[in-house]
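Each remark here refers to the structure printed beneath this line.
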């Protein structure tokens, strides 16, 4: 059993997804979905522990040896990303039980949970596989289901948002598959380890740089890196709360993982950053994303949209870390994957609580919520502090590493931009806090605190975002080792 | 001769593609898309990729045409004129095309035996499949066994597509055929409850929300409230 | 379409052949082009043709929507389930060798099983999508 | 109790007290008894650390690693001891005062007030005891965030605006500059521990180190060096006890304390003296001293005048640090204590006038001295100390600062100190002079009913005024502790 864990993390949910659609009623479907999520959560923890203890795990599906069959290859990066996805999924599914019931009609419940598990499975599949085409297949599973999930938002604009995402996402997927095809034409293989071995020999052929370009553009579309982020704000704003919380914390993270995987493992840091001069493109884009998107966030009236723009800015932080192409920088990027998942998950969940009681997350409807929904707003403040990067929160840890990476390279202006981004975060977080705490609520509203079914998962993430901010040694250690694996240094 | 067929098919493909873009009548565009699929299927045959050609013909020219026609039945036949010329998309397409041409210009010549794809992995399939799996069609052995896991993923993609379409389009519980007064009728289960909910949805619609999701979420679906195939029984 | 006798009769004649062809494509996949995916599509095409000519109502009598949806789900479960069976028999996921004493026989069984899964899913999904579109508006003659 | 436990208890007591008084929300007497008892107990614990420190020990408490290599750790060294003693001694006294003030002023949300007040003290003690820059920064931010509800206590539009400025400046400087400097220090030195003689010597060029020093001095917004001083007058919208303890003692002293600590334990005096930025920063401080005094003269609102006086006086300490010699450090350290006692007395008196006579403006205080002799007597003593005249404690610190300027060969700076004292003579003594010797205005019919403020306030005032006098007679303790800060000892 335990030797099958690498594949079980994906196939058990994949078996349960159609089951959720079959059972028909939403309660049973939820139980199936919860089982899938918690199963994957448990397995992901086990995998991380095993990878830490034993090193990279390989699992040859179908019993065919590596380049001929499909290999699951789980190194520390894969395991860590899978753990992020599984953790958020496990929390989000608890949250969904109450939230989805309020936002999605009951007769769609079963299909909704089926799509939820599919999205979850797809993301897990991407993170653990060692085969580039398999990445594409699972990318499709997760993307298609994500489009449908986003379209389930109450607001009619959810449909257009999902459509926009569908178009942009499909372009991204097409680019990715073109890139994979071009690589295949030059090497004859789809296995990541095998590709990494064979690519350097043909790297001078025009095809490979072009393949690299297509992959980069395709992934950055999925990643919503500025300026390819246009689909993200609408999608996050109009999707059902549980979906936003889940997708915001996982989908872009997995795209960052792909970026890491392709840049560092498949093509190798030398090709990506010396031959292709990738940092010259990524770093400016990341910096612009951090500043402009934070500025745009300040001017939003819809808090979910505000957080969505903040997400685009935060993606900038992750990409910035990667663009240093140093152990510290990549560590910062990987750490921020995890840290941002926790805090954004918490923040979007808090907004879901507001949605549940107030029916809107527009600023003017949030007056006085600090008194009426104290726990919800306290969770928002907790997540917000992390976004700002106050000590003892996960956001601080990310920033600590990111600034360190910049200073290590002697790029103090970059470090200054990172800090400036934090300050902009102060403004947009405080904007919400002020409305919630300093404006009087409409006395006629009988808004109450959100139910425990929403508060418990929200607070689980808030507490986690403080816990891993106070004791960051575990995550920082994993991230550092993962970065060393990617860059091929260290043990 | 083969070259001639190649060129002819490619030219036809290009003409069809441009025609699809130019056409404002969607019905005609759908037909042209079907033709496009058939042409590409033919191209795949020429390239000896019979399995792919088969799929393309069945899916591209067959089912997807029907589905697109189904869509047209809902949204009408005429495409709205775009408000402004699509300069940016054109630019993106040209750049992408340019890069592709550039990138493929040094690619190994098509079908050459020395190509990397014929040197690595693929020879194993060709040589060992007969012994490993003992079926003559190597494509099938690759799809179902060597890379069976990918096929499983693709099956999941297909299933995901269904879940997505049903989430978006299916209204309420699944329709059912019942015998009413000697006549077959298609009704939803629990119609009375449905009526109640329709009222609630109506109230909610005033707030601009979608209510229970039974309201027409797709723009331009007038009168979609009535139940599937009410008179279908006549032919039974 | 009551008066389109030619169409109706023609369809009635065609459908069995299309179905037969689908089965051929499914089971001949080992030897020639084809397999579960194509077969599923052809199966679905036959069914859709029936629905177009004889009305959705009759199509629903043949195969209620629920059954079609279930097909889409069950096919995936057959495929994934095959993987679980191979794991249960001591192999890795989707290692068909363990399905029979002779590895190559195992491969055959495995391929038949997963192709069946693909067929069922593709058929179910195609028809389900058609139902969903058709269900938006009356497509009956 | 072992020293470690003492440190932990000293910091946890205020927090525990804060939560305890939440229980007695409805019983003001019990609640305030809790506050007083906790205050006294906290001081007692801090005081018990004193003999250890005087004997040359450095009690230490290592909690855990937050980031690899960065610990949450506390160490009591003499400078921290001075700050901790001052803060913890003044807390119970201010609490006593606050009880009278809050009741006399009929303030709302008193429980919240006392809660955050106590947490702020814990934050200040955390800053005082911190063993490394990370711990210091963390508690520095805790202090910022938990004083925010105190500044905006009245929840009016004005308070909201003030809160924005308060948080804006303090977070901008701390995240934008200070954190950057800390991470830079970490990158260069590989440690952020406070070490005798500094950690930065020889790690980078003088230019880089100068840049870091500038980042530190301006990054410590709480030290209110111009142009980052605006938050301090803004914070005066808070109830007077907050202004008294936090914005004359705990918060601002945390700022200058940080500057001193960085000067002594991060840079080291020897390194500091060689940097080109040091004299430059000394002149920035000198400018702040003069400008602060000049602005103070123009303010008619007593609290605003005291606020600008504080800005001016804080820069004495920054100046002391930037003199980069033993007398400067000793004078600066002593001024932490001297200014604290003097300024808190002044604020106590200002608050007493507000409660008893409802007067905020100096021009309205003519003749009040005869009705409130104790209040204005205390004010007089406090003013003497701030100006630096005997028989008040402030004369000692000014004396040593003057010696420091001479040793640094900066006669110009000595002149600045003199001029500032002269200005102080005017703007501070104006108040008691007008109160005692001017005739009440003819229309002051309200003057009839005015008498001294409630008893708890008067007691508090008398205690601090007496202490101010006492510090003139017995400055040995503070001097001795500060001398221990200097490597090799002074004299």
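The values are calculated or read from the model by the stated rules, or taken from the named source; none is laboratory data. Since the structure is predicted, the reported quantities are computational estimates derived from the model, not experimental observations. Note that each Cβ is placed from the backbone with ideal geometry, even for glycine, and that neighbours are counted across all protein chains shown.
A few notes on this one:
- All of A:40, A:66 fail the test of being buried (at least 16 other Cβ atoms within 10 Å of the Cβ) and under 15 Å from residue A:123 (Cβ atoms), apart from A:40.
- Some residue of segment A:116-131 being more than 18 Å from the chain's Cα centre (by Cα), surrounded by 24 or more Cβ atoms within 10 Å (Cβ to Cβ) and either within 11 Å of another protein chain (Cβ to nearest Cβ) or outside any loop (DSSP other than H, G, I, E, B) (or both): yes
- Residues of segment B:21-55 that turn out to be crowded, with 16+ Cβ neighbours inside 10 Å and in contact with a strand residue (DSSP E or B) (Cβ under 8 Å, 6 or more places away or on another chain), as a count: 1
- Scope segment D:120-138; condition away from every other protein chain (no Cβ under 14 Å) and either without any contact (Cβ under 8 Å) to a residue 40 or more places away in the chain or over 13 Å from residue D:261 (Cβ atoms) (or both); matching residues: D:120, D:121, D:124, D:125
- Selection within segment D:186-207: residues that are touching a residue at least 12 places away in the same chain (Cβ under 8 Å) and within 10 Å of another protein chain (Cβ to nearest Cβ). The member of this set that is farthest from residue D:242 (Cα to Cα) is D:188.
- Residue satisfying all of: in segment A:426-450; more than 9 Å from every other protein chain (Cβ to nearest Cβ) and under 27 Å from the mean Cα position of the chain (by Cα); modelled with the lowest pLDDT among these: A:450
- Every residue from segment D:1-23 that is buried (at least 17 other Cβ atoms within 10 Å of the Cβ) and free of Cβ contacts under 8 Å to residues at least 12 places away in the same chain: none
- Some residue of segment D:359-367 being over 16 Å from residue D:301 (Cβ atoms), in the same structural domain as residue D:470 (by TED's automatic domain parsing) and at pLDDT below 85: yes
Let's see how each residue does on (1) touching a strand residue (DSSP E or B) at 6+ places or on another chain (Cβ under 8 Å); (2) more than 12 Å from chain A (Cβ to nearest Cβ); (3) over 25 Å from residue A:214 (Cα atoms):
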| site | (1), (2), (3) |
| --- | --- |
| B:63 | no, yes, yes |
| B:71 | no, yes, yes |
| B:74 | no, yes, yes |
| B:85 | no, yes, yes |
| B:89 | no, no, no |
| B:96 | no, no, no |
| B:101 | no, no, no |
| B:114 | no, no, yes |
| B:120 | no, no, no |
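- Only residues that are more than 18 Å from the chain's Cα centre (by Cα) and in a helix (DSSP H, G or I) were counted across segment A:451-475, and they come to 13.
- Scanning segment A:184-201 for residues being in a helix (DSSP H, G or I) and in contact (Cβ under 8 Å) with a residue 60 or more places away in the chain gives a total of 7.
- Some residue of segment A:373-386 being crowded, with 18+ Cβ neighbours inside 10 Å, without any contact (Cβ under 8 Å) to a residue 60 or more places away in the chain and away from every other protein chain (no Cβ under 13 Å): yes
- When the criteria are applied in full, residue A:135 meets the requirement of being under 17 Å from residue A:266 (Cα atoms), assigned to a helix (DSSP H, G or I) and modelled with pLDDT of 90 or more.
- Any hit, segment B:120-132, residues being surrounded by 16 or more Cβ atoms within 10 Å (Cβ to Cβ), in contact with a helix residue (DSSP H, G or I) (Cβ under 7 Å, 6 or more places away or on another chain) and within 30 Å of residue A:148 (Cα to Cα): no
- Of the residues screened, residue A:476 is one that is in contact with a strand residue (DSSP E or B) (Cβ under 9 Å, 6 or more places away or on another chain), closer than 27 Å to residue D:181 by Cβ and modelled with pLDDT of 90 or more.
- Looking across segment C:6-28, the residues that are under 20 Å from residue C:124 (Cα atoms) and at the interface with chain B (Cβ under 10 Å from one of its Cβ atoms) come down to C:22, C:25.
- Taken together, B:143, B:167, B:174, B:179 contain a single residue that is part of a loop (DSSP other than H, G, I, E, B) and either more than 10 Å from chain A (Cβ to nearest Cβ) or at pLDDT below 90 (or both), which is B:174.
- Residues of segment C:44-57 satisfying the condition of being at the interface with chain B (Cβ under 9 Å from one of its Cβ atoms) and closer than 21 Å to residue C:125 by Cβ: C:44, C:45, C:48, C:49, C:52, C:56
- Residue in segment C:37-56 that is outside any helix (DSSP H, G or I), modelled with pLDDT under 85 and surrounded by fewer than 22 Cβ atoms within 10 Å (Cβ to Cβ) present: no
- Where residue A:4 falls short, out of the listed (1) within 14 Å of chain C (Cβ to nearest Cβ); (2) part of a helix (DSSP H, G or I); (3) in contact with a strand residue (DSSP E or B) (Cβ under 9 Å, 6 or more places away or on another chain); (4) at pLDDT 90 or above: (4)
- Residue within segment A:159-178 that is within 10 Å of another protein chain (Cβ to nearest Cβ) and surrounded by 24 or more Cβ atoms within 10 Å (Cβ to Cβ) present: yes
- Positions within segment C:59-81 being surrounded by fewer than 21 Cβ atoms within 10 Å (Cβ to Cβ), in a helix (DSSP H, G or I) and within 7 Å of chain B (Cβ to nearest Cβ), in sequence order: C:61, C:66
- Every residue from segment C:82-105 that is closer than 21 Å to residue C:26 by Cα and at the interface with chain A (Cβ under 10 Å from one of its Cβ atoms): C:83, C:94, C:96
Condition check ((1) at pLDDT 85 or above; (2) outside any helix (DSSP H, G or I); (3) over 25 Å from residue D:71 (Cβ atoms)) across all residues:
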| position | (1), (2), (3) |
| --- | --- |
| D:196 | no, yes, no |
| D:209 | yes, no, no |
| D:213 | yes, no, no |
| D:242 | no, no, yes |
| D:247 | no, no, yes |
| D:264 | yes, no, no |
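- Residue list for segment A:401-411, restricted to those being touching a helix residue (DSSP H, G or I) at 6+ places or on another chain (Cβ under 6 Å) and either buried (at least 24 other Cβ atoms within 10 Å of the Cβ) or touching a residue at least 12 places away in the same chain (Cβ under 8 Å) (or both): A:401, A:402, A:403, A:404, A:405, A:406, A:408
Matching residues to (1) surrounded by fewer than 23 Cβ atoms within 10 Å (Cβ to Cβ); (2) farther than 21 Å from residue A:353 by Cβ:
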residue: A:449; (1), (2): yes, no
residue: A:456; (1), (2): yes, no
residue: A:465; (1), (2): no, no
residue: A:469; (1), (2): no, yes
residue: A:479; (1), (2): no, yes
residue: A:484; (1), (2): yes, yes
residue: A:487; (1), (2): yes, yes
